[in-house]
Each structure stands twice: as structure tokens, then as C-alpha cells.
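The values are calculated or read from the model by the stated rules, or taken from the named source; none is laboratory data. This structure is a prediction, so every number in the text was calculated from the model and none was measured. Note: ideal-geometry Cβ built from the backbone for every residue, glycine included; neighbour counts use all protein chains shown. Only protein heavy atoms, including side chains, enter the accessible area calculation; ligands, DNA and RNA are left aside. Shrake-Rupley method; radii C 1.70, N 1.55, O 1.52, S 1.80 Å.
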Amino acid sequence: MNFDTFFNDQLNSLKTEGRYRVFIDMERHAGSFPKATRHVNGELKTVTVWCSNDYLGMGQHPAVLAAMHEAIDRTGAGSGGTRNISGTNHYHVTLERELADLHGKEAALLFNSGYMSNWTTLSTLAAGLPNCVVLSDAGNHASMIEGIRHSKAEKIIFKHNDMADLERHLKLINGTKPAIIAFESVYSMDGDFGRIADICDLAEKYNALTYLDEVHGVGLYGPRGGGLAEREGLMHRVDVIEGTLAKAFGVVGGYITGTAALCDYVRSFASGFIFSSSLPPAVAAGAAAAIRHLKTSDVERKAMMSRVREVRAGLDQLGIPYLPNDSHIIPVMVGDASKAKWISDYLLDNDGIYIQPINYPTVPRGKERLRITPTPCHSAADIEHLLKSLNALWKQCALARAVA
């Protein structure tokens, strides 16, 4: 077999469909996010980023940067090992305490990414509980899907946010096997909310464990940034709350929170945790600083939602289609992979606007989109430029008719 021929054939298929992903070589401007410098064939071009998951700009916050500098000066760059072998720094311990407090849980456990925390925790719990059944929302993230698959436990996919379908499956199990209900608080591509209270009701009725992914909710919702479950007064009813440090908190890493016994079980049995070097202490320090700040400051959350409302109002006025939701995510619908990539490329090359196209398999075919994430750092001028550029492009391509 000619391996490179196979690889190139598959890559060419992606390119033909318009689904081939291209990395944008950029440097974020410290202190002036969402501005960044794009490197193009030796030239430097300034762009405005409209698709960052640094939702609140905390990756640029002075308190976060100061904490990271201080930690580097005290401890150096890396952690030096796994958590079990010399890699547990006091910054990790402090951060886990902050996270447990944030979600009102007994304990927390750090991972190197949100993907790893989902994959490792779900695979460990589902594989370890005897005859476990996992009920997974159809809209769940790839990290949850892969973790469940890896566990080799029985899996049931219930229709997205459909409580009747979920209860139908729970009735069939009827408490005869351990059950885990895995779902999200904010679904990142459509921006809709999970039905946390309703799922907790069913979990309590049928004695199931609840596993909530709050990666697109932590920092952004609730009086202290504890996520959608905090905003709705439901954290105490959720067994496992999983989150990320890479979005609203502005750095990198993932975590779970829950009972001390559950977190210790995952710590003790999860190979994805045991055999991974721990986060650099400076990252842990920066995350803790971001969490502490957002526990007491609502300024960033309010400013972000104000920008979201302004962008949506402008899109409404121009007749540019987007999925309505109650979250901070604005999915502008295109409905074609090639068109989505062309629009993204045009905005980047001609208007200095960076919005990554979202295609299959991240979203279903025919649901391709531009996923816009306004932040507190976007100015009125940034919003005006975005809307003007989108409007000119929509008129030029007659896309309003094409996606109607």
C-alpha cells in the first residue's frame, strides 16, 4: 500500500468538499485583545478575532498575567512530572480548592484539557461501575462521545433535550443497572441550553448519576461564574460538574468537581490522569486568579452579553440569518461548506475579520455556519465593521436567498 497516496486522496476529498481545515498563523496582541497579528507569506497583517473561546478576555487580564509571572519566577516553567510523581505543585492544590468552592462540591480534580477531563472521567466511571448504562444527549461534545465509547459500557443516545425520550429509556432500565446521564449546559454550536432541572428530576426519580459538561458555561453564568447550574440554583443536584480553564478563564486545562469519593476514585483509577504530566504551575496560578476575579466581578459578564445583544440587533436589521438562543454564541447560518469557507477567507483577506467556518463533522452537513463570539473587549467600531462587512458580503453573494 502507498500510504501517502491514501493520505493525500483523503485530504483532497476534504478540500473538494470545502472542509479542509487551515490553521491561521497569528499572534494575539497582549493588552489589546481581540486584535491579533496574522503572518502571511512574510507579511504582518492586523486582524480582529471574532471566534475566540476566550469569551471574557481573561487571557489578557492583568491579574491573570501577574499571577502567571509570579508563579514562573517562583517555580520555573514546567511541573516536572505527573501528579503522582513530583508533579503536584501547591498551585495545583490551590486551584482545585478554588474549583470545588466555585461549584459547591467537596472536591475537584485537574486535567490538562477539557477534552481529557471528559474523555477520562466518563470512560473511567462507565467502565468501573458494573453493568453501567450511559445515557448521552445526542448533542454532546466529541470528548464525551469518545469517553463513553472507550468505556465499552452500554450506551443509549437520547434525542437532544427530549425529556420524554430520556424517560422512556430510564423506564426500561428501571434501576436494574447503574446509569449515568451525560449532558451539557450550553451546547457550543447551536448555543442552546441543556434542561438541567428536568434531567435532575428524572435522575432522582430513576436513581441515575448526573454528569454535566459546563465548559461553555463556567465563568459566564451565575453570580460567581459557576455556570448555568449555578444561575439556576441547581449545582447541589448535579453529581459531577465538568469544566474547562481554556475558555472564560483564559488559560488551558480541564477539571471535574464532585464528592470527595468520586474525585478520588477517578484520581486513583483513570489512566488518562495517572500517566499525564500535570499542568505547568503558572497555568494553574493564572486559572486560580481568573476564577477568584470572576467570583466577585460581574463586569465582564454583563459587558459580554451587551455586545452579544448589539451584534444580534445588527444582524436582525440586516436580515442575516442566525440561530436564536439565550446564550452568548451567535451561529450565523450558511448551509454550505464551500460557501462558509469562502466567506471566512474573504473576511480575513479583505476585511481583517477572522471568523472560522464550522463544518461537518462538528455540525451536520447542511448546517455549516460562522460561529461568532462577541467579547467585552470588542468595541463599537469593531461591531460596526463586522456588520458592514457581513452585509456587503451577503448582498454580493445573494446568500440571504440561498440559506432561506
Net charge over other residues, Cβ less than 11 angstrom from the Cβ of Ser188 (K, R count +1; D, E count -1): -2
In whole Å, what is the distance between the alpha-carbon centres of segment 286-360 and segment 196-227? 24 Å
In terms of the alpha carbon gyration tensor, root eigenvalues a ≥ b ≥ c, rounded if a/c is under 1.5 and otherwise prolate when a/b exceeds b/c or oblate, segment 22-160 is oblate
Counting only DSSP beta bridges fully inside the chain, the antiparallel percentage to nearest 5 is 60 percent
Calculate, for His39 and Ala164, the FRET efficiency according to 1/(1 + (r/R0)^6) with r their C-beta to C-beta distance and R0 45 Å; round to the nearest 0.05. 0.30
What is the chain's relative contact order, in percent, from Cα pairs under 8 angstrom and six or more apart in sequence? 22 percent
Quick one: if the Förster radius is 51 Å, what FRET efficiency do Ala313 and Lys155 give, using the C-beta to C-beta distance and rounding to 0.05? 0.75
Over all pairs of different Cα atoms in segment 125-165, the reciprocal of the mean inverse distance gives a Kirkwood radius in Å of 10.6 Å
As I understand it, the value is the acute angle between the Cα axis of helix 380-397 and the longest principal axis of the Cα atoms of the chain; what does it come to in degrees, rounded to 10? 70 degrees
Report Rg(Cα)/(2.2 N^0.38 Å) for segment 168-224, keeping two decimals. 1.28
Angle check, please: helix 260-269 long axis (alpha carbons) against the longest principal axis of the chain (alpha carbons), in degrees 0 to 90, nearest 10. 80 degrees
Calculate what fraction, in whole %, of the accessible area of segment 254-312 sits on carbon and sulfur atoms when a 1.4 Å probe is rolled over the protein chains. 61 percent
For segment 1-57, the Cα-Cα pair-distance distribution in 10 Å bins from 0, as whole percents, is 19, 31, 26, 18, 5, 0
Tell me, what HN-Hα J-couplings in whole Hz come from the Karplus equation 6.51 cos²θ - 1.76 cosθ + 1.60 at θ = phi - 60° for each residue of segment 209-217, using x for Gly and Pro? 8, 9, 10, 10, 8, 10, 4, 9, x
Using only protein heavy atoms and a 1.4 Å probe, report how much of Asp345 is accessible, in Å² to the nearest 10. 60 Å²
In segment 322-398 the accessible area split gives carbon plus sulfur, as whole percent at 1.4 Å, a share of 51 percent
What's the carbon and sulfur percent of segment 128-211's accessible surface, probe 1.4 angstrom, rounded to a whole number? 51 percent
Step through the residues of segment 97-108 one at a time and calculate ³J(HN,Hα) from phi using the Karplus curve (6.51 cos²θ - 1.76 cosθ + 1.60, θ = phi - 60°), rounding each to whole Hz and writing x for Gly and Pro. 5, 4, 5, 4, 5, 4, 9, x, 10, 6, 8, 9
Sparse-neighbour loop sites [GluC sites (Glu not before Pro); segment 186-232; at most 16 other C-beta within 10 Å; DSSP]: Glu232
Please tell me which of these pairs span more than 18 angstrom C-alpha to C-alpha: Lys155/Lys367; Lys341/Lys367; Lys155/Lys205? Lys155/Lys367; Lys155/Lys205
Using the Cα gyration tensor of segment 218-315, with a ≥ b ≥ c the square roots of its eigenvalues, what is the shape: rounded (a/c below 1.5), prolate (a/b larger than b/c) or oblate (neither)? prolate
Viscosity 1.002 mPa s, temperature 20 °C: give me the Stokes-Einstein translational D for segment 230-272 in µm²/s, with Rh taken as the Kirkwood radius over C-alpha pairs. 180 µm²/s
By how many degrees, 0 to 90 and rounded to 10, does the Cα axis of helix 337-351 deviate from the longest principal axis of the chain? 60 degrees
Accessible area per residue of the chain at 1.4 Å probe, in Å²? 44 Å²
Under the 0.36 nm per residue contour assumption, what length would be gained going from the current alpha-carbon distance of Phe23 and His385 to full extension? 128.0 nm
Determine which lysines satisfy two conditions relative to Lys152: a Cα distance under 19 Å, and not lying fewer than 8 residues away in the same chain. Lys177
Work out the FRET efficiency for Glu204 and Tyr360 from their Cβ-Cβ distance, taking R0 = 45 Å, and round it to the nearest 0.05. 0.75
What Kirkwood Rh does segment 151-253 have if only Cα atoms enter the pairwise 1/r average? Answer in Å. 14.3 Å
When averaged across all projection directions, what area in nm² does the alpha-carbon convex hull of the chain cover? 21.7 nm²
